[in-house]
1. Being of a type in the set (D, E, K, R), open to solvent by 10 Å² or more (accessible area, probe 1.4 Å) and under 21 Å from residue 282 (Cα atoms) narrows it down to one of 332, 305, 312, so name that one.
2. Report yes if residue 247 is open to solvent by less than 40 Å² (accessible area, probe 1.4 Å), in contact with a helix residue (DSSP H, G or I) (Cβ under 9 Å, 6 or more places away or on another chain), not small (Gly, Ala, Ser) and not in a loop (DSSP other than H, G, I, E, B), otherwise no.
3. Considering each of 632, 636, 671 in turn, give the residue that is among the hydrophobic types (A, V, I, L, M, F, W, C), touching a residue at least 24 places away in the same chain (Cβ under 8 Å) and closer than 23 Å to residue 143 by Cα.
4. Please indicate, with yes or no, whether at least one residue in segment 551-562 is touching a residue at least 12 places away in the same chain (Cβ under 8 Å), hydrophobic (A, V, I, L, M, F, W, C) and surrounded by fewer than 24 Cβ atoms within 10 Å (Cβ to Cβ).
5. Just to verify a result, which residue in segment 250-302, among those that are surrounded by fewer than 24 Cβ atoms within 10 Å (Cβ to Cβ) and basic (Lys, Arg), is nearest to residue 118 (Cα to Cα)?
6. If the Cβ limit is 7 Å and pairs must be 6+ apart or interchain, which residue in segment 639-663 that is touching a residue at least 40 places away in the same chain (Cβ under 8 Å) pairs with which residue that is of a type in the set (D, E, K, R) and assigned to a loop (DSSP other than H, G, I, E, B)?
7. Within segment 378-412, track down each residue that is more than 29 Å from residue 467 (Cα to Cα) and either of a type in the set (Lys, Arg) or open to solvent by 40 Å² or more (accessible area, probe 1.4 Å) (or both).
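The values are calculated or read from the model by the stated rules, or taken from the named source; none is laboratory data. What you see is a predicted model, and the numbers here were worked out from it, not measured in a lab. Here Cβ is always computed from backbone atoms with ideal geometry, including for glycine, and neighbour counts include all displayed protein chains. Heavy atoms of the whole protein, side chains included, go into the accessibility calculation; ligands, DNA and RNA do not. Shrake-Rupley method; radii C 1.70, N 1.55, O 1.52, S 1.80 Å.
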Amino acid sequence: MKHKNRLFFVLLGVLLALALTLGACGSTPTEEEEPADVAAPAEEEAAPAEEEAMPAEEEAAPAEEEAAPAEEEAAPAEEEAAPVEEEAAPAEETAADPNSLPRNETLYFNGQQWGSVVGWNPYSNSNNNAMAIAQQDNARVTMFETPYLYNMLDGGVYPLLAAGPFAWNDARTEITFTINPAAHWNDGTPVTAEDVAYTWATHVKYNTPTGAGNIDYIENIVAVDAQTVLVQAKLTDEGAAVNPLIVEAYLTSNYVIQKAWTETLEARVGGDATALMADPAEDVAFSGPYYKYFADDTKVVMIRDDNYWGQDASMWGKLPVPKYLAHTIFKDNAAGTTALQAGEVDVSQQFNSNVQDLWLQDGLPISTYLPDAPYGIGASLPTAFFNLQSPGLDQLAVRKAIAMAVDYPTIIANAMTNQSATFDQVPRSLMNPTPGEQALYDQAAVADLQWVGNDIEGAKALLDEAGIVDSDGDGWREFNGEKLSYVATCPNGWSDWQAAIEVVAAAGAEIGIEITTNYPEWAVYQTVVTKSDAPLPEGYDIFMMWSDGAGPTQPWGRIRKLLSSEFIGMASNWNGNWGQYSNPDADAIIQAIPGETDPAALQEMYTELVRIYLTDIPSFTLMYRPQSFHTVNESVWTNFPYEGDGTNPPVPPLDLTDGWSIAGLYNLELVNP
């Protein structure tokens, strides 16, 4: 049990479930009536490096450990070969109105889908489809699947479409793995090595974000035979793999896409790359357990494919428990929290202010992965980026003064309601708060570069010393005769980020730098910020974006995305360095780390990168954040993952959709069966 009151919560959940069941017979739940227009960052496809899989081939658990197996096995592929339309029909015949889904068959989410779905195209990074597509660390595998799954809790890499562990050759220049012979597409045809090879060839041919992000590290992917895949690394002049981390990462981060469907898509778009990535792909083939049932501007619903291959004894041994995965599109976090409190949301991947009050004060059957602050596993670093081309922000004194003046304890206490470690507890660096990452650099060596925050006098003195003063008496400092006036921005409705940005703006006023705030909708924001082949427009002087969380190549992948200049010039940059910072010394160290195996040398490299970051301050971390917010309401469903729940391998708190967290869908039980 997660909390002492769990028994009370479950009993209360039974009563609430009865009420919700009665309510489901009437009108649509409140959560399904909320429109919205922000979009979750589902498409971080371009940097497979980020999730790169350093992990251990030998850590793949046997099937019986991967989920509770069932006695019955999936029917052979040849018996399931009905076309998509024929398979979908039976589900449609018995499925409920998407506006009135059976509550005891539906798992409701919030905090992932913001705004309407654009498409279902696994080659594109512009789908705004958070329930189905996220090729990233812990890839989202509800509809499309990767060869392997990464588990952020134990660092393990477990087979999904693959059969058994992958293996490097002795020279570490090639990886070999095989496809599970039970794996098949929704049309019943088998998943083959040729599908894997053709997926890669298509990414390269059309220069998709996945292709662009991996072409410098993967030479080719070849189908040796129907089941065997050979991944060939790009080599240095010395014959070593350029970056073995990224080669491994490809296997846990990127989907296998059906060759036959890809050829249909290519014919439809006439071989045009832009059209290929813009195609909504409503007819896409998939291998995962869920597929599109309904989507509009109020909700997204996926329905279980009861012919899903994963029910074979070689994988999960059964189907996932919920028949429907539904995500109401809320206008903001407040609306999402209201629905969570009402039992209309089961899994909440959003910031819920003072989350502990939901059970301590309100007595609701709601809990988090950790029972006490910070309530989740701090893994990512929400960061304020400077637009280094804005007048004045090219000056280190201005950037450092703003960063020094920000009141971080207020951000953590108010914006995060203590769902973050403090910078006193975990000094700022490029590392997340986990013990493993903190041990990778020498904290004492960079202690003199730290700042405590809320240091108004120190920030003023720094600006005065640099000659950046208020020369006309209007209360605002000038640089080169121009008033220092900036706009700080983040997506509308992201309440924790907005609260943090307001604190940044207040810090500017304290030191004579005018900072106003602006909150565009996510659909606009993401388009602007991820366009790195042009200067950022007005209104984006200081802006928030995320960083990588926990992953098999971290902290290297996160540091790469915060500091590497390789992303400057990308038309669609979902990787990082959105402020377009460039430092050749940092680039050289980032490039060298993947080939280094000596722990002492690695610590020295990481320490130097932290020193560069704290010296140049191209961006600054505002808080520590969980990899995913994972708050659950057990009014209807129970047996969600929590710390010490006894699952083996442990199921991470990634909302039952990402990486090994998908295993949680097979463990759920109804509170009131």
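1. 305
2. Values: open to solvent by less than 40 Å² (accessible area, probe 1.4 Å): yes; in contact with a helix residue (DSSP H, G or I) (Cβ under 9 Å, 6 or more places away or on another chain): yes; not small (Gly, Ala, Ser): yes; not in a loop (DSSP other than H, G, I, E, B): yes.
Yes, satisfied.
3. 632
4. no
5. So the residue we want is 292.
6. The qualifying pairs are 642/2; 649/154; 650/154; 661/655.
7. Pass one, segment 378-412, residues more than 29 Å from residue 467 (Cα to Cα): 378-382, 409-412.
Correct list: 409, 410.
To keep it simple, each residue is scored yes or no on (1) within 30 Å of residue 528 (Cα to Cα); (2) among the basic types (Lys, Arg); (3) touching a Pro at 6+ places or on another chain (Cβ under 7 Å); (4) open to solvent by 50 Å² or more (accessible area, probe 1.4 Å).
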{"residue": "420", "(1), (2), (3), (4)": "yes, no, yes, no"}
{"residue": "427", "(1), (2), (3), (4)": "no, no, no, no"}
{"residue": "440", "(1), (2), (3), (4)": "no, no, yes, yes"}
{"residue": "447", "(1), (2), (3), (4)": "no, no, no, yes"}
{"residue": "458", "(1), (2), (3), (4)": "no, no, no, no"}
{"residue": "483", "(1), (2), (3), (4)": "yes, yes, no, yes"}
{"residue": "487", "(1), (2), (3), (4)": "yes, no, no, no"}
{"residue": "494", "(1), (2), (3), (4)": "yes, no, no, no"}
{"residue": "507", "(1), (2), (3), (4)": "yes, no, no, no"}
